[in-house]
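Okay, so here's the structure we're looking at.
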Amino acid sequence: MANREPGKADVVQGTLDLMVLQTLCTLGPLHGYAIAARLEQVSAGALRLNMGTLYPGLMRLEQRGYIRGEWRVTENRRRARFYALTAAGKRQLADRQAEWDRRVAIMHTLLNQPE
């Protein structure tokens, strides 16, 4: 893809929810732009989410009851929807982390087989 910036990674299918839930668990309530900025910061700039990917994910998580959104005023005095992890979201995060760890262990085993 010619339009992709060098060194930027795509979000692996199925990982957006895990990344958002973990970010909210770690930092508490955040608005969408702050979530995207944090993910870019933690990945040392390798991961950049566009809002067309992030906001549908936030809506999906909210509809499933894993996060709760409320309108607040940002430090720049703008209205933004802040998202916070719910109790169901904490349980979902634990389940997703366990599943991710299991998948990583499987891939590690497969990729490190002796020839």
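The values are calculated or read from the model by the stated rules, or taken from the named source; none is laboratory data. None of these values were measured; they are calculated from a predicted model. Note: ideal-geometry Cβ built from the backbone for every residue, glycine included; neighbour counts use all protein chains shown. For accessibility, only protein heavy atoms count, side chains too; no ligands or nucleic acids. Shrake-Rupley method; radii C 1.70, N 1.55, O 1.52, S 1.80 Å.
I'm checking my understanding of the structure. Among residues of the range 53-64 that are assigned to a helix (DSSP H, G or I) and open to solvent by 60 Å² or more (accessible area, probe 1.4 Å), which one is nearest to residue 17 (Cα to Cα)?
Restricting to residues being assigned to a helix (DSSP H, G or I) and open to solvent by 60 Å² or more (accessible area, probe 1.4 Å), the top hit is 60.
Is it the case that some residue within the range 68-76 is over 25 Å from residue 33 (Cβ atoms) and charged (D, E, K, R)?
No - not one qualifying residue is present in the range 68-76.
For the condition open to solvent by 50 Å² or more (accessible area, probe 1.4 Å), under 24 Å from residue 100 (Cα atoms), at pLDDT 95 or above and touching a Leu at 6+ places or on another chain (Cβ under 7 Å), what is the one hit in 41, 22?
Of 41, 22, the one residue that is open to solvent by 50 Å² or more (accessible area, probe 1.4 Å), under 24 Å from residue 100 (Cα atoms), at pLDDT 95 or above and touching a Leu at 6+ places or on another chain (Cβ under 7 Å) is 22.
In the range 39-84, which residues are among the acidic types (Asp, Glu) and more than 14 Å from residue 11 (Cβ to Cβ)?
Result: 62, 70, 75.
So if I check each of 53, 86, which one is hydroxyl-bearing (Ser, Thr, Tyr) and touching a Leu at 6+ places or on another chain (Cβ under 8 Å)?
The unique qualifying residue is 53.
Which residues, taken from the range 85-101, are open to solvent by less than 90 Å² (accessible area, probe 1.4 Å) and within 23 Å of residue 12 (Cα to Cα)?
Passing the criteria: 85, 89, 92, 93, 94, 96, 97, 98, 99.
Taking the range 25-38, which residues are assigned to a helix (DSSP H, G or I) and either open to solvent by 30 Å² or more (accessible area, probe 1.4 Å) or small (Gly, Ala, Ser) (or both)?
25, 26, 27, 32, 33, 34, 36, 37, 38
Spot the failing condition for residue 80; the list is (1) under 16 Å from residue 31 (Cβ atoms); (2) exposed (fewer than 14 other Cβ atoms within 10 Å of the Cβ); (3) among the hydrophobic types (A, V, I, L, M, F, W, C), and only one is missed.
Going through the list (1) under 16 Å from residue 31 (Cβ atoms); (2) exposed (fewer than 14 other Cβ atoms within 10 Å of the Cβ); (3) among the hydrophobic types (A, V, I, L, M, F, W, C), residue 80 breaks only (2).
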